[in-house]
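Everything on this sheet refers to the single structure shown next.
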Amino acid sequence: MTQLQIIEIIKQTLPQFDVNNEGDLIKAEKILKAYQKTDATLSHNEIEAFLDFYKNNGNKYEELLQEKNIHKLLADPAHQIVLADCVFFAKFKDLYEEFAVDFAEPIADYIQWNVKNNRWANLKNFYNNYHQIISFENRDLLIESITSKNNLIRSVIPYPERYPLLLNEYKYSVDRNFFAIQSAIDAAYFNSEILDINNDIADYQFAHFSSKPYFGRILVALGAFDAYTDELKKILTDNSKIGMSWASKNLTIPKKKKVIVEKDYGVTAERIMLAIFYLIIGLLGYFLYTKNIYTFWTLLVFETLLFIILNKKLNNHYISNGTIKGNFNHRKLKKFSFKLLILQVYALIIAAILALGAALVGIVFLSGGVGIGGFLVIFWIIRATIKKN
């Protein structure tokens, strides 16, 4: 719980609360301890830290906390910076460093929330206007978060099957604000990371026919980075123009509901789920085998052939995530299991179409026979359905 939230709790009972008044601090302690009995979200340590803070510092940050954006972002990580409210007076400059340390925790929460939610434009506005109240530790936190995301972009570039991640899971890769904030924080530090991304794109631009529309969007976004070296500035400017032409090429963004992006549920949990999945398959297979061996073998051959025919299409439904670590065989089994589940959808669709086709043949036969044209129509319906799905 933040200091501002704690003050709001106190003011519900003590509206004129004055942190400079020792008597008010004593009353505040009683109010907070009484509140704690009904709401465990306020811990004893937070109460002690709050009281110690104001006993040692008084209310020296009062005016600084009146700045609208600062007041709101300390209380709510989702606060959107309002540029019109950015009023940072020079008279506070002696307090910035201390303030950054004393309020490091809520500021860290604010940075992390915005990073997690890809609010790079807001983070850029925050950094450009309030970098004075970001502690060295929080600045390092922001730099590490950005470096991690730069590395994720590089991990996708060599693998065409992961390109949809650039527009779904890793949207920051095509966000100009993501790269603009890097030059605002430390252009010299990020210079090599940006160059590496640019060079990776150059190395893999011809690796797959679908790469350029994705890479084009990254190159356009990279152009927002104000490079530390003149050489990289020229490269990014030139490549940004090339990227615009690439990005204009047709690009179909796959619907999320048709694509399974590999998730990390934990090795133990995944092994349990896989064991249950194959146990169910085994029991169903045994039941079918004992009841009707002919149906069992027909179904097994049908699904095996279908799997072989549709293997490439099934792979397109499952995107491996290169950031997940784990045993290679375990991950292969995990992917195979997902593909097996998707195969059942295709099998049911085809079975339904075959049943419908059989019904049509029966109706036509009963009504006087069917020519080769009828069979061609049925075949075309089956083929079109498989291609569509």
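The values are calculated or read from the model by the stated rules, or taken from the named source; none is laboratory data. Predicted model, so just to flag it, every value in this text is computed and none were measured. Here Cβ is always computed from backbone atoms with ideal geometry, including for glycine, and neighbour counts include all displayed protein chains. All accessible areas refer to the heavy atoms of the entire protein, side chains included, with ligands and DNA or RNA removed. Shrake-Rupley method; radii C 1.70, N 1.55, O 1.52, S 1.80 Å.
Just one of Ala84, Ala121, Ala108 is over 19 Å from Leu4 (Cβ atoms), under 25 Å from the mean Cα position of the chain (by Cα) and not basic (Lys, Arg); which is it? Let's see the steps before the verdict.
Values: Ala84 fails: under 25 Å from the mean Cα position of the chain (by Cα); Ala108 fails: over 19 Å from Leu4 (Cβ atoms).
Exactly one of Ala84, Ala121, Ala108 is over 19 Å from Leu4 (Cβ atoms), under 25 Å from the mean Cα position of the chain (by Cα) and not basic (Lys, Arg), namely Ala121.
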For this session: State the number of residues belonging to the range 100-121 that are open to solvent by less than 10 Å² (accessible area, probe 1.4 Å), closer than 15 Å to Ile81 by Cα and not aromatic (Phe, Trp, Tyr).
Result: 3
Exercise. Restricted to the range 87-99, and to residues that are open to solvent by 50 Å² or more (accessible area, probe 1.4 Å) and in a helix (DSSP H, G or I), which residue is modelled with the lowest pLDDT?
Worked result: Ala90
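Quick check: is even one residue across the range 167-175 in a helix (DSSP H, G or I), of a type outside the set (Gly, Ala, Ser) and within 26 Å of Tyr96 (Cα to Cα)?
Kept after step one, since they are in a helix (DSSP H, G or I), are these residues of the range 167-175: 171-174.
From what's left, of a type outside the set (Gly, Ala, Ser): 171-172, 174.
Next, only the ones that are within 26 Å of Tyr96 (Cα to Cα) stay: none.
For the range 167-175, residues in a helix (DSSP H, G or I), of a type outside the set (Gly, Ala, Ser) and within 26 Å of Tyr96 (Cα to Cα): absent.
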Problem set entry | Candidate set: the range 65-86, residues that are touching an Asp or Glu at 6+ places or on another chain (Cβ under 6 Å) and surrounded by 16 or more Cβ atoms within 10 Å (Cβ to Cβ); chosen: the one farthest from Asp140 (Cα to Cα) | Asn69
Exercise. Condition test on Leu74, is it under 15 Å from Tyr127 (Cα atoms) and touching a Ser or Thr at 6+ places or on another chain (Cβ under 9 Å)?
Worked result: yes
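When residues of the range 26-48 are filtered for being among the hydrophobic types (A, V, I, L, M, F, W, C), surrounded by 15 or more Cβ atoms within 10 Å (Cβ to Cβ) and part of a helix (DSSP H, G or I), how many remain? Reasoning before the result, please.
Going residue by residue through the range 26-48, those that are among the hydrophobic types (A, V, I, L, M, F, W, C) are 26, 28, 31-32, 34, 40, 42, 47.
Filter once more, keeping what is surrounded by 15 or more Cβ atoms within 10 Å (Cβ to Cβ): 28, 31-32, 42, 47.
Then keep just the ones that are part of a helix (DSSP H, G or I); that gives 28, 31-32, 47.
Qualifying residue count, the range 26-48: 4.
Could you please let me know if Leu166 is at pLDDT below 95 and loosely packed, with under 15 Cβ neighbours inside 10 Å? So that I can check it myself, show each step before the final result.
On the way: at pLDDT below 95: yes; loosely packed, with under 15 Cβ neighbours inside 10 Å: no.
In short, no.
Here is a yes/no grid of residues against (1) in contact with a His (Cβ under 8 Å, 6 or more places away or on another chain); (2) within 20 Å of Glu144 (Cα to Cα); (3) open to solvent by 60 Å² or more (accessible area, probe 1.4 Å):
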{"residue": "Tyr172", "(1), (2), (3)": "no, yes, no"}
{"residue": "Ala188", "(1), (2), (3)": "no, yes, no"}
{"residue": "Lys212", "(1), (2), (3)": "no, no, no"}
{"residue": "Phe225", "(1), (2), (3)": "no, yes, no"}
{"residue": "Ser248", "(1), (2), (3)": "no, no, yes"}
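Looking at the range 101-118, can you tell me whether even one residue there is part of a loop (DSSP other than H, G, I, E, B) and either among the small types (Gly, Ala, Ser) or on the phi > 0 side of the Ramachandran plot (or both)? Quick ask: steps written out before the conclusion?
Start the filter on the range 101-118 by keeping residues that are part of a loop (DSSP other than H, G, I, E, B), which leaves 103, 117-118.
Narrowing further to those that are either among the small types (Gly, Ala, Ser) or on the phi > 0 side of the Ramachandran plot (or both): 118.
Yes, that holds for at least one residue.
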Exercise. Within the range 270-301, restricting attention to residues that are open to solvent by 90 Å² or more (accessible area, probe 1.4 Å) and among the hydroxyl-bearing types (Ser, Thr, Tyr), which residue is nearest to Phe336 (Cα to Cα)?
Worked result: Tyr286
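Could you pull out the residue among Ala207, Ala184 that is over 18 Å from Ile146 (Cα atoms), in contact with a helix residue (DSSP H, G or I) (Cβ under 9 Å, 6 or more places away or on another chain) and surrounded by fewer than 20 Cβ atoms within 10 Å (Cβ to Cβ)?
Details: Ala184 fails: over 18 Å from Ile146 (Cα atoms).
Result of the check over Ala207, Ala184: Ala207.
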